[in-house]
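**Student:** Here it is: the structure, laid out below.
The values are calculated or read from the model by the stated rules, or taken from the named source; none is laboratory data. None of the values given here were measured: they were computed from a predicted structure. Note that we place each Cβ from the backbone using ideal geometry, even for glycine, and neighbour counts take in every protein chain shown. Areas reflect the complete protein model, heavy atoms only, side chains present, ligands, DNA and RNA absent. Shrake-Rupley method; radii C 1.70, N 1.55, O 1.52, S 1.80 Å.
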Amino acid sequence: EQIAAAGFPAVHAQVPAGWTVDQYREALAQAGLQAAPGYFSMPLPEQGVDAATTYENVRAAAGQQAALGLSAMFLACRMTKDAPRVALPGIGADYDEGRFGTILEMIGKAADIMRSEGIYPLLHPHIGTWIETESEARRILDAIPADRLGFGPDTGHLTWAGADVKGLVSRYRDRIGAVHVKDCKIGVRD
């Protein structure tokens with residue numbers, strides 16, 4: 001109700017654990033809200049979740065989004081509080097080419113699963129995750145074709161990471177399915 005009272009007609013969709021899609025849809029309706037594209041935070045095996053479990057969770061989350069009538073969903077790497085990039089955000093800290101290869105493979109597989117559920121996955125670079133820099137986002141978007149993976153930029157996170165947001169949005173404009181619009185105070189970041 002607070003979100004609706006603030007003037008927003010929709011909210012980032014995420015069915016709470018233990019709820020059915022119908023229960024969630026009813027709660028949104030009672031609050032006067034519609035569902036907006038949700039977010040899948042993809043863990044890596046190094047974070048204690050095996051790939052098979054991750055893919056099962058991708059399928060379930062995408063299925064819920066589709067059942068809510070959505071056609072797109074943000075797809076990002078999971079961020080943990082003790083991650084190297086949380087301690088040193090926005091600079092691509094602790095980059096590892098082997099890890100990046102694993103992420104690229106997992107993003108591709110997750111994207112294909114989402115597509116099979118009728119959801120267009122939107123790559124979402126995010127501060128504190130293994131996909132936070134412009135170069136990381138570009139490499140993934142250039143490696144996975146547009147029919148498999150879209151782009152869901154976040155203006156604040158990309159600005160924080162020093163990305164050319166205008167250039168990224170222009171380059172991948174045909175792949176953008178949703179955007180997180182945020183402010184970023186450069187002085188605070190610096």
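**Student:** How about segment 140-158: which of its residues are among the acidic types (Asp, Glu) and either open to solvent by 10 Å² or more (accessible area, probe 1.4 Å) or part of a helix (DSSP H, G or I) (or both)?
**Tutor:** Listed by number, the residues that qualify are Asp142, Asp147.
**Student:** Is it true that Val15 is in contact (Cβ under 8 Å) with a residue 40 or more places away in the chain and either touching a helix residue (DSSP H, G or I) at 6+ places or on another chain (Cβ under 6 Å) or assigned to a loop (DSSP other than H, G, I, E, B) (or both)?
**Tutor:** yes
**Student:** Got a sec? Which of Asp164, Asp174, Asp112, Asp154 is within 13 Å of the chain's Cα centre (by Cα) and without any contact (Cβ under 8 Å) to a residue 40 or more places away in the chain?
**Tutor:** Asp154
**Student:** Moving to a separate point now. Take Ile113 and decide whether it is of a type in the set (Val, Ile, Thr) and buried (at least 18 other Cβ atoms within 10 Å of the Cβ).
**Tutor:** yes
**Student:** Any residue that is farther than 21 Å from Asp174 by Cα, among the basic types (Lys, Arg) and open to solvent by less than 10 Å² (accessible area, probe 1.4 Å) - is there at least one of those in segment 76-95?
**Tutor:** yes
**Student:** A further question on this structure: Surrounded by fewer than 17 Cβ atoms within 10 Å (Cβ to Cβ), modelled with pLDDT of 95 or more and over 16 Å from the mean Cα position of the chain (by Cα): is that true of Arg99 in this structure?
**Tutor:** Against the criterion (surrounded by fewer than 17 Cβ atoms within 10 Å (Cβ to Cβ), modelled with pLDDT of 95 or more and over 16 Å from the mean Cα position of the chain (by Cα)), Arg99 qualifies.
**Student:** Continuing with the same structure: Take segment 26-75 and flag every residue that is surrounded by fewer than 16 Cβ atoms within 10 Å (Cβ to Cβ), free of Cβ contacts under 8 Å to residues at least 24 places away in the same chain and more than 24 Å from Trp130 (Cα to Cα).
**Tutor:** Matches in segment 26-75: Glu26, Ala27, Ala29, Gln30.
**Student:** With the structure loaded, tell me whether Asp183 is modelled with pLDDT under 95, in a loop (DSSP other than H, G, I, E, B), loosely packed, with under 12 Cβ neighbours inside 10 Å and out of contact with any Cys (no Cβ under 8 Å at 6 or more places or on another chain) or whether it fails that test.
**Tutor:** yes
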